[in-house]
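Participant: I have a structure here, written as structure tokens, and I will follow up with some questions on it.
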Amino acid sequence: MPMTTEERNTLEDVTRFIYREARLQDEHQYDDWEALWTDDGVYWVPANGDDGDPEQVMSIIYDNRSRIALRIRQFHTGKRFSQTPQSRLRRLISNIEVLEDDGQEVSVGTNVLIFENQTRGDVLWAARTEYRLRREEGALRMVRKKVTLVNNADALYSLAFLV
């Protein structure tokens, strides 16, 4: 069944948002990236599989909005040496799908491949990313971002940037 104009417009808005978010992360523009979040935002990178209750099982990252802000403030102190020098990053985003749209919030799924160049060598990170985006004052903002790394059950020797 062909998409309606409204569905096509939503997909275009979502795609622009996700591409912008990726660029801000790749360019280490974390203040602008932080501004994409709602006040009740949750950022989750599970460990040891795709699901589970992040309140009950270990996660690589499980940050609420205040923890996201703290992480960025700590980055700005210049005392977080895991990113000295900063990794050079590029994300390739594909398979963007609007999974649900209730008019106020949109659930989106994407695949992502992240290339990281760091002094210790090059690394490829592959993941499925799920977003919950909310329409606020004519713009999309992140309510939830879940990044499920393909290799999240393996030992991760370094994940010093925000995926």
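The numbers here are math on the coordinates, done by the rules we state, and not lab data. Please read these numbers as outputs of a predicted model, since none were measured by experiment. Glycine also receives a Cβ, built like all others from the backbone with ideal geometry; neighbour counts cover every protein chain displayed.
Participant: Going by the conditions given, is Arg134 in a strand (DSSP E or B), touching a Lys or Arg at 6+ places or on another chain (Cβ under 7 Å), of a type in the set (D, E, K, R) and within 16 Å of Gln25 (Cβ to Cβ)?
Facilitator: No.
Participant: If you don't mind, another one. If I ask for residues that are hydrophobic (A, V, I, L, M, F, W, C), under 26 Å from Glu137 (Cα atoms) and surrounded by fewer than 16 Cβ atoms within 10 Å (Cβ to Cβ), which ones from region 90-105 would you list?
Facilitator: The answer is Leu99, and nothing else.
Participant: Among residues belonging to region 5-61 that are more than 23 Å from Glu100 (Cβ to Cβ) and aromatic (Phe, Trp, Tyr), point out the one that is surrounded by the most Cβ atoms within 10 Å (Cβ to Cβ).
Facilitator: Filtering region 5-61 for residues that are more than 23 Å from Glu100 (Cβ to Cβ) and aromatic (Phe, Trp, Tyr), the one surrounded by the most Cβ atoms within 10 Å (Cβ to Cβ) comes out as Trp33.
Participant: Looking at region 27-36, can you tell me whether even one residue there is more than 17 Å from Lys145 (Cβ to Cβ), out of contact with any Pro (no Cβ under 8 Å at 6 or more places or on another chain) and among the aliphatic types (A, V, I, L, M)?
Facilitator: No, region 27-36 has no match at all.
Participant: Ok, one more. For the condition among the basic types (Lys, Arg) and under 21 Å from Leu149 (Cβ atoms), what is the one hit in Arg23, Arg73?
Facilitator: Answer to the check: Arg23.
Participant: Checking Ala126 against (1) part of a strand (DSSP E or B); (2) over 24 Å from Ala155 (Cβ atoms); (3) among the small types (Gly, Ala, Ser): exactly one of these is not met. Which one?
Facilitator: (2)
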